[in-house]
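Reading through the structure tokens given below for one structure.
The values are calculated or read from the model by the stated rules, or taken from the named source; none is laboratory data. Fair warning: this is a prediction, and the values are worked out from it, not measured in the lab. Methodologically, a virtual Cβ is constructed for each residue, glycine included, from the backbone with ideal geometry; neighbour enumeration extends over all protein chains shown. Each accessible area value is taken on the protein alone, full model and side chains, heavy atoms only, with ligands, DNA and RNA left out. Shrake-Rupley method; radii C 1.70, N 1.55, O 1.52, S 1.80 Å.
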There are 2 protein chains.
Amino acid sequence: MNKNIFSQIYSDYTQRIETGLLKTGIKLPSENEIAEEYATSRETVRKALHLLSQNGYIHKIRGKGSFVLDMNRMEFPLSGLVSFKELSERLGRTVQTLVHETALVPSTQSIARQLKIAEGEPVWKVVRAREIEGEKVILDKDYFLASVIPVLNEDTARDSIYAYLEGELSLKIAYAKKEISVEKVSEEDRRLLDLARDTHIVIVRNYVYLEDTTLFQYTESRHRLDKFQFVDFARRNPGEE
Amino acid sequence: MNKNIFSQIYSDYTQRIETGLLKTGIKLPSENEIAEEYATSRETVRKALHLLSQNGYIHKIRGKGSFVLDMNRMEFPLSGLVSFKELSERLGRTVQTLVHETALVPSTQSIARQLKIAEGEPVWKVVRAREIEGEKVILDKDYFLASVIPVLNEDTARDSIYAYLEGELSLKIAYAKKEISVEKVSEEDRRLLDLARDTHIVIVRNYVYLEDTTLFQYTESRHRLDKFQFVDFARRNPGEE
DNA sequence: CAGTGGTCTAGACCACCAT
DNA sequence: TGGTGGTCTAGACCACTGT
């Protein structure tokens, strides 16, 4: 797929680790051996192994080697930039998406502030409820810059907007900022989700940026308390000690 | 401090960005210029810039240059491996720590499972309530492998255990796994925190590993709903597209 | 001691952006 | 066209681990 040697090595190993072909604790071949195997230089191999290490797949120990970590990678509900569709496939659960709204609307004051645009500038508003095993537990409210996305219909909203953006529009998503907090349930939450007597709801605010640093999407993902989980892997940085 | 050239460059720039000396949107010198400035090779500079990019300080654009990002770095309450003490200093708030317990105890079944040790193996148990602006809103329950930490007294618990571990014991913390969820409040929560009529509480479970992949600490950080916030920065990986 | 990963070099070629 | 970052090379030396 990707012609870069280092990302080929990276995905070869992520695959082997995710499928269980390489199990927890297993020692990888040495950097020199992998370099020889791929007929490349050691620095290129190191680039791939560094990425594996950053993402919690392996841990490198000087003088010893690189070892596969056990990070329960199957349950990464919100880490990184993975979309709901990809997630539900990974989890293999009975999930369904109910699209409540797909419309091109002028941005409200609140949304304009989140997306750092002028009030009234057009945005695509998409409201979707996520049903897991028969219960509506997540409410996703997405807002996309209309200047970046020409058309958006309900079918793509039900399927995967990200596949459409990256596939057909070939928009390049670069990075995102996520904020998690807990707030009081709104009237809309009560109407569109199965909440019983809940008083609070987890809110994940997601700001997504393109390669050219344009902020093009703001998402508010509202999760019922008992169905929320977030997993994060972090490494100690050089500057922090 | 650190004799590595790349981490020197890294911390030079994190400092300049954090202090506002380099503001959002500013273009960094080109990689060749920085290399010349530090009398080093371009690949070494690239290593530093890559780290800056991974941690949300800058964004690199091919053909254009590297630019400082605005990631509101002052409010990173839980990202990475930063400790409460470091945080409170950064936030500059009125914070206080109440140590409720500092004891060497045999591990219970539950704790033994979390730390993957045999039931009964000795662990240091530290229970601390965190008071922010007069309200007790966070309850931290730490468990450390006693085989790794010989002594631990209440003074270090009140100050910073991490400074003690990394400074005096020179333990090297390598990575951590964090899990965030929301659960029902416990009787202990009610006793040690200012909760009013809250029914739920945010729980951050933190598993901390050393350089040799030993799991040596398990922490349960229990946050009052309204005082909890988590911020995360994520980049798109090569394998994900 | 040989083998491992960690850092660094001085080049090279490519893809993209501005002019 | 010249400048930028992205990838890659073929070496070098160092720090650490094992035997």
Under the helix-only model (-39500 (n - 2.57) for each DSSP H run of 4 or more, divided by the residues of chain B), the mean residue ellipticity at 222 nm, to 500 deg cm²/dmol, is -7000 deg cm²/dmol
Quick one: if you stick a label point 7 Å off each Cα along the C-beta vector at A:R197 and A:Q109, how many nm between them?
3.7 nm
Leading residue at positive end of dipole, chain B (Cβ point charges), from B:I26, B:L165, B:L215:
B:I26
So the FRET efficiency between B:R190 and A:S147, C-beta based with R0 = 60 Å and rounded to 0.05, is 0.75
Top of B:T40, B:T108, B:T219 by mean-square fluctuation, Gaussian network on chain B, Cα under 10 Å
B:T40
Expected output is a single nm value to one decimal: the length gained when fully extending between A:K27 and A:D226, i.e. 0.36 nm times separation in residues minus the C-alpha distance. What is it?
67.8 nm
Could you pull out every one of the lysines with an alpha carbon less than 21 Å from that of A:K184, ignoring same-chain neighbours closer than 8 positions?
A:K136, A:K141, A:K227, B:K136, B:K184, B:K227
List the GluC sites (Glu not before Pro) within the range B:108-162 that fall in a DSSP loop (any state other than H, G, I, E or B) and whose Cβ has at most 15 other Cβ atoms within 10 Å.
B:E119, B:E133
Assume the label is 7 Å from Cα along Cα to beta carbon: what separations in nm does A:Y38 have to the matching positions in the other copies?
2.4
Work out from phi, with θ = phi - 60° and the Karplus expression 6.51 cos²θ - 1.76 cosθ + 1.60, the ³J(HN,Hα) of each residue of the range A:206-216, listed in order in whole Hz, and give x for Gly and Pro.
10, 10, 10, 10, 8, 4, 8, 6, 5, 7, 10
Any aspartates and glutamates with Cα under 18 Å of the A:K125 Cα? List them, leaving off those in the same chain fewer than 8 positions away.
A:E101, A:D140, A:D142, A:E154, A:D155, A:D159, A:E188, A:D189, A:E220
If I take R0 = 22 Å and measure r between the Cβ atoms of A:H50 and B:T214 in this structure, what FRET efficiency does the formula 1/(1 + (r/R0)^6) give, to the nearest 0.05?
0.50
Whole-Å distance, taken between Cα centres, linking the range A:1-58 and the range A:207-236
27 Å
Mind pulling the per residue volume of the convex hull built on the Cα atoms of the range B:84-227? Å³ is fine.
114 Å³
Shortest-first nm distances, A:R62 label point to equivalent points in other copies (7 Å, Cα→Cβ)
3.4
Under the definition of partner shielding as Cβ atoms of other protein chains within 10 Å of a residue Cβ, what is the mean value for peptide B:51-61?
3
Accessible area expressed per residue, the protein assembly as shown, with surrounding protein chains retained (probe 1.4 Å, Å²)
50 Å²
For an R0 of 35 angstrom, estimate the FRET efficiency from the Cβ-Cβ distance between B:E133 and B:D155 and round to the nearest 0.05.
0.90
Return P(r) of the protein assembly as shown (all Cα-Cα pairs; 20 Å bins starting at 0; whole %; ordered from short to long distances).
20, 56, 24, 0
In the range A:141-224, the trypsin sites (Lys or Arg not before Pro) that sit in a DSSP loop and have at most 14 other Cβ atoms within 10 Å of their own Cβ are A:K172, A:R197
